[in-house]
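Structure, as structure tokens:
Nothing in this text is a laboratory measurement; each read-out follows from the coordinates by a stated rule. Keep in mind that this is a model prediction, so the values were computed, not measured. So basically every Cβ, Gly included, is an ideal-geometry build from the backbone, and we count neighbours across all protein chains shown.
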Amino acid sequence: MGALPSSHYYNTMSYFIKKSCITCGLCIAECPEGAITEGTPYIIDPALCTECGACDEVCPVEACQLVKKGT
């Protein structure tokens, strides 16, 4: 089996946005994968999240938390 294309990133973790989210929009603008959608709180699609941490770095209330996928 050949190497997977770089666009196929398989991971077991994903970021999750906690209820402390203030829906400021900074994480949506920062996510390079477009994995975050509006909601209350915002929602991260674990299938698109690559664990880059961009959302966590810009969140003013530390609402982004890394969790195991499927939990």
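Within the range 48-56, can one find any residue that is part of a loop (DSSP other than H, G, I, E, B), over 16 Å from Cys21 (Cα atoms), in contact with a Phe, Trp or Tyr (Cβ under 6 Å, 6 or more places away or on another chain) and not charged (D, E, K, R)?
yes
For the range 57-66, give me each residue that is more than 11 Å from Lys18 (Cα to Cα) and either touching a strand residue (DSSP E or B) at 6+ places or on another chain (Cβ under 7 Å) or not in a loop (DSSP other than H, G, I, E, B) (or both).
Listed by number, the residues that qualify are Glu57, Val58.
Within the range 18-32, track down each residue that is part of a loop (DSSP other than H, G, I, E, B) and buried (at least 16 other Cβ atoms within 10 Å of the Cβ).
Keep residues of the range 18-32 that are part of a loop (DSSP other than H, G, I, E, B), which gives 18-25, 31-32.
Once the filter is applied, which keeps residues that are part of a loop (DSSP other than H, G, I, E, B) and buried (at least 16 other Cβ atoms within 10 Å of the Cβ), the range 18-32 yields Cys21, Cys31.
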